[in-house]
Amino acid sequence: MRAAVFFERDGVLARSAINGGTAKRLEEFQVLEDASAPLRQLKDAGFFLFATTNQPGVTSGLPSRRELDLMHAVLVRRLGLHEVLVCPHPLEDACPCRKPSPELLREAARRHGVDLDHSFVVSDRWVDAEMAEAAGATSVLIRSKHNGNGHHDCVVSDLQSAVEKILEIARDVGTLRAMSAQKR
Ligand SMILES: [Zn+2]
């Protein structure tokens with residue numbers, strides 16, 4: 001089984017161009033190109049790469065499913081992701097997949113054979129740290145005002161430091177070795 005790194009989409013891999021809110025249209029969706037080199041390092045080490053996002057506006061068409069799929073196609077192509085995992089449900093639906101529920105991670109694990117115990121979640125938001133804990137993965141928080149006071153495994157200053165932390169932990173616990181043996 002391969003381990004994965006799950007990234008929060010907004011603020012970590014992409015930025016919306018208007019008001020810091022979530023992008024409603026493809027033109028407002030901006031991939032953070034600085035994410036490309038750090039993600040490449042993880043991919044080369046053997047990790048699956050996923051983005052995760054809550055998009056409660058999809059049900060009411062903001063963004064439309066089509067615009068959202070276009071944005072995610074760009075994200076996948078530019079950053080070499082495996083897939084973008086989406087909860088498209090509004091809060092009032094009380095669906096099982098909205099973060100901090102670990103359901104998006106479990107679904108990826110089922111479909112791709114991801115080893116969640118040796119996987120990581122990278123985000124600047126507390127919901128993702130909580131999701132990581134519920135899924136049995138390790139949380140790496142990028143310092144921000146959205147960190148909250150809940151559980152997290154480590155805090156770093158930026159995405160590059162998050163990647164270095166992940167590679168260090170994965171080396172120590174033998175995950176890198178296990179994944180490189182599988183590749184052969
Ligand atoms: Zn959902």
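Couple of notes before you dig in:
- Among the residues making up region 94-121, those that are basic (K, R) and more than 18 Å from V140 (Cα to Cα) are R98, R106, R110, R111.
- Among the residues of region 85-108, those that are without any contact (Cβ under 8 Å) to a residue 40 or more places away in the chain, part of a helix (DSSP H, G or I) and either buried (at least 17 other Cβ atoms within 10 Å of the Cβ) or of a type in the set (D, E) (or both) comprise E92, D93, E103, R106, E107.
- Set side by side, the residues P90, P96 differ, and just one is over 16 Å from the mean Cα position of the chain (by Cα) and modelled with pLDDT under 95, which is P90.
- Of everything in region 2-48 that is surrounded by 17 or more Cβ atoms within 10 Å (Cβ to Cβ), farther than 17 Å from A162 by Cβ and touching a Phe, Trp or Tyr at 6+ places or on another chain (Cβ under 8 Å), the residue that is modelled with the lowest pLDDT is S16.
- Only one of the numbered conditions (1) within 16 Å of the ligand (Cβ to nearest atom); (2) touching a residue at least 60 places away in the same chain (Cβ under 8 Å); (3) aliphatic (A, V, I, L, M) is violated by L39, and that is (1).
- Counting the residues of region 65-121 that are within 14 Å of the ligand (Cβ to nearest atom) and among the polar types (S, T, N, Q) gives 1.
- Some residue of region 50-63 being more than 16 Å from the chain's Cα centre (by Cα), of a type in the set (A, V, I, L, M), over 25 Å from D115 (Cβ atoms) and in a loop (DSSP other than H, G, I, E, B): yes
- The numbered conditions (1) touching a Lys or Arg at 6+ places or on another chain (Cβ under 7 Å); (2) closer than 18 Å to V155 by Cα; (3) of a type in the set (D, E) are all true for E130 except (1).
The values are calculated or read from the model by the stated rules, or taken from the named source; none is laboratory data. All values reported here derive from a predicted model rather than from experimental measurement. FYI the Cβ positions are ideal-geometry reconstructions off the backbone, even for glycines, and counts take in every protein chain you see.
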